[in-house]
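Novice: Before I ask anything, let me first share the structure, which is written out below as structure tokens.
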Amino acid sequence: MIDMLRLLPQYTPDEFDSRHRLAIVAAQRAKHILQGSRHGASRFTKETTIAIDEVLRGQVKYLVGEEARDAMKEAKRGKEGEMERIAMMTGDDAKEIKKELSVYVDDTPKPVVAESEE
């Protein structure tokens, strides 16, 4: 099997400890691009190819080991904190949100119109 990384001129062997890490980082970057993340000008058009190009050029930073675990824990704490804040909203907050949403949603019951008999 040919090692595809050796065919790429911009690849440096000591940059990635394995081709699996390259694939994972590029896949995550492609996902971000598909979700609307900005990317620089590229000669490529497909998101996956743009992602691989950015990763190989060193434009995408990533974490490994303990730093990655700490970052994931911090992101999880942030999400949990947001959920707790939403759950602890007071009645006044809920009324204000409902009032703001009422502009977009009309949930008043509609009168039932009986069909006339012929």
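Novice: Kindly provide the set of residues from region 23-78 that are on the phi > 0 side of the Ramachandran plot and touching a helix residue (DSSP H, G or I) at 6+ places or on another chain (Cβ under 8 Å), ordered by number.
Specialist: If the condition is that a residue be on the phi > 0 side of the Ramachandran plot and touching a helix residue (DSSP H, G or I) at 6+ places or on another chain (Cβ under 8 Å), then no residue fits.
Novice: Kindly provide the set of residues from region 57-70 that are among the small types (Gly, Ala, Ser) and over 13 Å from GLN28 (Cβ atoms), ordered by number. Quick ask: steps written out before the conclusion?
Specialist: From region 57-70, those among the small types (Gly, Ala, Ser) are 58, 65, 68; that's our starting set.
The answer is GLY58, GLY65.
Any read-out appearing in this document is the output of simple, stated calculations on the displayed coordinates, not a laboratory observation. This one's a predicted model, so the numbers in the text were calculated from it and none came from an experiment. Cβ: placed from backbone, ideal geometry, glycine included. Neighbour counts: every protein chain shown.
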